[in-house]
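The values are calculated or read from the model by the stated rules, or taken from the named source; none is laboratory data. All of these numbers come straight from a predicted model, not from anything done at the bench. Ideal geometry is used to build each Cβ from the backbone, glycine not excepted, and the neighbour counts take in all protein chains shown.
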Amino acid sequence: MEVSDEVLVQRSREGNAQAFKELVNRHEGKVAGVVQSMLGDTQETQDVGQEVFVRFYQALDQFKGQSAVSTYLIRIAINLSLNELKRRKKRNMLFAKEEEGINTSSPDNKNDLKEVIVYELNRLEPDFQSVVTLRLIEGYSTVETAEILGIPLGTVLSRLSRAQKKLKSVLAKHMEL
Amino acid sequence: MKREKIEDLFLKSLDENISDAERKDLSGAMEADEQLAKDMSGYLIMREEVRRKIPATFGPYFASRVVAKIQNMKIEIDKQIMFFFRRYQLAALGVLVALLTINIVFSDQLNLPSVLGLTDDNTADEELVSFDFYNHFNE
């Protein structure tokens, strides 16, 4: 029988590294999905991914289990990704040029729908991007998305609607949508 | 119904339940306008394209790397604590020497307990000045 997250958290609090490793293995996929969707596949993605679990480890004593471990981790992942996006923006403003990477550079193949969508997704405002990431890319329900982001359901729905309209209008230029 | 409202209704239907009346309005509008139906299907294509199909990962041995990072951080914190105390160890030694010197200068006898300030104050009762508080008070 699989050990529950709560038991693993308790063991991790007691200093059991193996238990914490199991928690990381169990939730790596979800965290990686969110961070990669937000930041693209860059070196910072790895760093942010590690930082998510380090922050979680440091906050183990404060974790009271009111929300699921995965919800808590995704919340940390979104916040750290948003911070990283802000840092990128500042760097871009400072150097007045676009950085390397999938997020800010133009897609090489404008006929590759996936590539164009990822490019356009990363041009959305961060608040919209986090909603789109959770709901459309990672497949969380609108209720779960609202809980993770700590915003009302109505806000999730309106951001989702506006983001999709924006995306579709941009994508319409690239393909026959 | 206006196109914008149909679009909103269509998007709403993708994320939450809509009423039977709304569903009827939507399908009616789509059937009546082929271009509108095609436009709306664009949203479905877009949503299908962005949805994750392959599980994401941070690469091999990610959990081991995280645990190693946490353990290295602990060592780093220990080092910082050591460094913090090392900065003040000379000052602490100086204070200790000064206190010992004061003890030596002011002690009556030169033995280790008195230098370290460990002597008991065992003055005998006879050596104490007697004071009759009751008589003194009634004078």
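For region A:9-25, enumerate the residues that are in contact with a helix residue (DSSP H, G or I) (Cβ under 7 Å, 6 or more places away or on another chain) and in contact (Cβ under 8 Å) with a residue 24 or more places away in the chain. A:Val9, A:Ser12, A:Phe20, A:Leu23, A:Val24, listed by residue number.
Just to be sure, is A:Gln10 under 14 Å from the mean Cα position of the chain (by Cα), under 20 Å from B:Val67 (Cβ atoms) and modelled with pLDDT under 95? The answer is no for A:Gln10. Filtering region B:53-111 to residues that are at pLDDT 90 or above and among the charged types (D, E, K, R) leaves B:Arg65, B:Lys69.
On inspection, B:Ala37 fails the criterion of being farther than 30 Å from A:Leu167 by Cβ, more than 7 Å from chain A (Cβ to nearest Cβ) and hydrophobic (A, V, I, L, M, F, W, C).
The set of residues from region A:129-156 being in a helix (DSSP H, G or I), away from chain B (no Cβ under 12 Å) and surrounded by fewer than 18 Cβ atoms within 10 Å (Cβ to Cβ) comprises just one member, A:Thr155. Taking region B:2-55 as the region of interest, the helices (runs of 4 or more DSSP H) fully inside it that hold 3 or more residues being within 30 Å of A:Gln36 (Cα to Cα) are B:3-15, B:34-50.
The set of residues in region A:64-87 being more than 14 Å from chain B (Cβ to nearest Cβ) and in contact (Cβ under 8 Å) with a residue 60 or more places away in the chain consists of A:Ser67, A:Ala68, A:Val69, A:Thr71, A:Arg75, A:Ile78.
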